[in-house]
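First up is the structure itself, then whatever we jot down about it.
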Amino acid sequence: MALDPRSSVFAQGRAGAADQAQIDEGLRAYMLKVYNYMGSALLLSGIVAYAVAHTPALMQVIFGTPLMWVVMLAPLGMVFFLSARIEKMSFTTAQTTFWIFAALMGASLASIFVIYTQTSIVRVFMITAVTFGAMSLWGYTTKRDLSGMGSFLMMGLIGIIVASLVNLFIQSSMMHWVISVIGVLVFTGLTAYDTQKIKEMYLVSDGQVVMGKKAIMGALKLYLDFINLFIMLLHLFGNRE
């Protein structure tokens, strides 16, 4: 009995569609885990920042003593530590390190409640959330390769860091404004770029532990994009106390 070649092609097409559907479902679950980690970390940072800012004794201990430098620099150190060591960590250790980082970031951000009005903080946070959401969605859905843009943005980020260090000494309000404007552009672009790279990190063959660690690192990148975008926008649009 002769076989219809069209039936074989049709069967292969159905199998391919089923495989693609499975990949898409896994990718959505992976990205949802990334966003859940990021959102939870932002919530934890916000709670810690608010609690510290409204506890005078803690504010005095943290920002009235040399401990301030430990609180300010510790999150940066933990970012480097997590990035360098996560492959050798257990998933539980990586997860715990991520939550400690988010809590320390919250403590370091407590000062914004002293500098800016709560109304303007909430307003800028909402602006940041909308901007971040739009750019992350674009980075997830676009077919355009953003690698070239990423190289340009990393150069801009290095420029921001150098300019910020210089401005610590010269205290120029104009330079502060320029840094903030460029910072908004850079971190808006990085949101889309990092989202695309996080999406590309997904592999069906990854086990649960590897997938969990990738989700944590992806959440860390997007968290940093969000926080830095928020701070830059707060510099531009926040109302001071």
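Overview of results
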item: Asp4, sole failed condition from (1) modelled with pLDDT under 90; (2) surrounded by 10 or more Cβ atoms within 10 Å (Cβ to Cβ); result: (2)
item: Residue in the stretch 25-56 that is farthest from Met126 (Cα to Cα), counting only those that are part of a helix (DSSP H, G or I) and hydroxyl-bearing (Ser, Thr, Tyr); result: Tyr30
item: Some residue of the stretch 135-146 being touching a residue at least 60 places away in the same chain (Cβ under 8 Å) and in contact with a Gly (Cβ under 9 Å, 6 or more places away or on another chain); result: yes
item: Inter-residue pairs, beta-carbon under 6 Å, first under 12 Å from Leu224 (Cα atoms) and touching a residue at least 24 places away in the same chain (Cβ under 8 Å) and in the stretch 68-79, second of a type in the set (A, V, I, L, M) and part of a helix (DSSP H, G or I), 6+ apart; result: Pro75/Leu104; Pro75/Met105
item: Options Gly218, Gly189: the member that is of a type outside the set (Lys, Arg), part of a helix (DSSP H, G or I), buried (at least 20 other Cβ atoms within 10 Å of the Cβ) and out of contact with any Ser or Thr (no Cβ under 9 Å at 6 or more places or on another chain); result: Gly189
item: Options Val79, Val71, Val114, Val124; residue that is among the β-branched types (Val, Ile, Thr), loosely packed, with under 14 Cβ neighbours inside 10 Å and part of a helix (DSSP H, G or I); result: Val114
item: Of all residues making up the stretch 158-186, the number that are of a type in the set (A, V, I, L, M), crowded, with 16+ Cβ neighbours inside 10 Å and within 17 Å of the chain's Cα centre (by Cα); result: 2
item: Among residues of the stretch 131-157, those that are modelled with pLDDT under 90 and hydroxyl-bearing (Ser, Thr, Tyr), counted; result: 2
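The values are calculated or read from the model by the stated rules, or taken from the named source; none is laboratory data. Bear in mind that the values here come from a model prediction, so they are computed numbers and not experimental data. FYI the Cβ positions are ideal-geometry reconstructions off the backbone, even for glycines, and counts take in every protein chain you see.
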